[in-house]
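Quick one: the structure is below, questions incoming.
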Amino acid sequence: MYSEEYRKAYQMGLKEAKRSQARGCSPYLPVLDEILAEETTCGEVDLGLVEIPIELIVGTRSAGRSKAFSHSFLPLMDENSEFSFKWAALCKAHMEEGITDPIKVYEYMHTFYVVEGHKRVSVLRYFGAVSIPAEVTRILPAKDGSKASNIYYEFVDFYNLSKINYLWFSGTGRFARLQEAVGKAPNEAWTEEERRKFFSFYTRFSSLYGDKDAKELSTRLTVADALLLYLEFFGYEQVKAFTQSDLKDGFLQLHKAFSVKKSQGLNPLKGLLSR
């Protein structure tokens with residue numbers, strides 16, 4: 001049974017690797033050491049034990065494990081290898097007891113690179129897990145004045161207040177606007193209850209934002225960008241009580257507002273995300 005799950009994951013990994021190669025890309029996991037060899041950094045911060053989004057785990061710290069997995073952490077080792085037997089054993093543990101041991105990762109520019117626990121990530125991603133506990137070390141990039149650097153350090157400031165790591169904006173100034181949109185003072189820390197309620201809203205919102213009709217708001221928006229627009233349009237206190245039907249109706253209202261601006265030859269995002 002568990003070897004069959006490995007076979008399925010292995011076949012999926014081979015297909016993904018071939019697609020990457022056909023696009024002229026490496027079929028294997030990105031290696032943080034190779035990325036950092038071309039970057040200037042400003043030290044490390046130990047974040048301790050953190051629940052991290054699995055979708056943001058994108059690579060490995062060193063090259064040793066890189067070729068064992070495709071970009072989605074699907075296995076690429078032969079079905080009769082020791083690796084496959086260990087993967088199947090982890091699969092068994094996950095299905096019978098659950099995988100709870102934290103992995104070890106480095107975070108760099110809002111993405112995570114695995115030091116220990118590659119197969120745990122692989123099994124959990126294969127089964128569609130959303131998050132995993134991890135011992136996290138943050139590597140700080142250089143403050144070089146670039147847009148990417150500015151957004152990242154705004155994220156760091158927001159994380160220090162909220163401990164929220166699943167949001168990412170495509171422009172500057174938006175983490176501070178989100179802090180204001182949820183009714184928090186600029187330097188006010190979030191409580192555990194506030195984080196829990198916000199995550200509940202975010203989960204429902206992001207599930208809806210995956211719908212085609214919702215994404216028609218703008219293909220350029222991250223989920224966080226769209227969420228900020230939504231909160232500033234309706235108000236957080238109101239949307240917290242929205243049902244899923246109310247949330248979808250809200251998207252329709254936003255879509256109508258955007259359509260009117262477009263019909264007038266205006267940019268519907270101007271004044272919303274550029275403030």
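May I ask you to evaluate 6.51 cos²θ - 1.76 cosθ + 1.60, the Karplus curve with θ = phi - 60°, for each residue of segment 189-201 and list the ³J(HN,Hα) values in order in whole Hz, giving x for glycine and proline?
Ordered by residue, 3J(HN,Hα) equals 6, 8, 8, 4, 5, 5, 5, 5, 5, 5, 5, 4, 5 Hz.
Where the Cα atoms of the chain are projected onto their three principal axes, how long is each span, largest first, in whole Å?
That gives 61, 41, 41 Å along the principal axes, largest extent first.
Too long at a 18 Å Cα-Cα cut-off: which of Lys86/Lys119; Lys15/Lys92; Lys67/Lys92; Lys143/Lys184; Lys104/Lys147? Numbers along the way, then the final one.
Values: Lys86/Lys119 8 Å; Lys15/Lys92 24 Å; Lys67/Lys92 24 Å; Lys143/Lys184 26 Å; Lys104/Lys147 29 Å.
Flagged as over cut-off: Lys15/Lys92; Lys67/Lys92; Lys143/Lys184; Lys104/Lys147.
What ranking, highest mean first, results for peptides 21-27, 161-167 when packing means the other Cβ atoms within 10 Å averaged over each residue?
161-167, 21-27
Rounded to the nearest 0.05, what FRET efficiency is calculated for Glu34 and Leu161 with R0 set to 22 Å and r the Cβ-Cβ distance?
Numbers: r = 33 Å, r/R0 = 1.49.
Computed FRET efficiency for Glu34 and Leu161: 0.10.
Convert 4 °C to kelvin, take the viscosity as 1.567 mPa s, use the Kirkwood radius over C-alpha pairs of segment 62-207 as Rh, and evaluate the Stokes-Einstein diffusion coefficient in µm²/s, rounded to a whole number.
Answer, rounded: 73 µm²/s.
Give me the net charge for the shell around Cys91: Cβ to Cβ below 13 angstrom, other residues only, Lys and Arg +1, Asp and Glu -1. Before the final figure, lay out the partial values.
Working: positive: Arg7, Lys8, Lys86, Lys92, Lys119, Arg120, Arg125; negative: Glu4, Glu5, Glu96, Glu97.
Combined, the nearby Lys, Arg, Asp and Glu give +3.
Could you tell me what fraction of 2.2 N^0.38 Å the Cα radius of gyration of segment 56-126 comes to, as a two-decimal ratio?
That ratio works out to 1.08.
Let me know the Kirkwood hydrodynamic radius for segment 31-82, please, with Cα pairs as the basis and the value in Å to one decimal.
13.5
Averaged over every viewing direction, what's the projected area of the C-alpha convex hull for segment 1-142? Give it in nm², one decimal, please.
8.5
Also: Can you compute 3J(HN,Hα) from phi for each residue in segment 22-29, using the Karplus curve 6.51 cos²θ - 1.76 cosθ + 1.60 with θ = phi - 60°, rounded to whole Hz and x for Gly and Pro?
Working through the residues one at a time gives 5, 8, x, 9, 5, x, 10, 5 Hz.
Sticking with this one: Computed over the Cα atoms of segment 132-187, what is the convex hull's projected area averaged over all directions, in nm²?
Quarter of the Cα hull surface area: 4.5 nm².
Which residue fluctuates most in the GNM of the chain (Cα springs below 10 Å): Gly43, Gly173, Gly250?
Gly43
A further question on this structure: May I ask you to sort Ile103, Ile54 by Cβ crowding, counting other Cβ atoms within 10 Å and putting the fewest first?
Ranked by crowding around the Cβ, least crowded first: Ile54, Ile103.
FYI, it's all coordinate maths here, none of it is from the lab. Computed from a predicted structure; not experimentally measured. For neighbour counting, all protein chains shown are included, and Cβ atoms are generated from backbone atoms with ideal geometry for every residue, glycine included.
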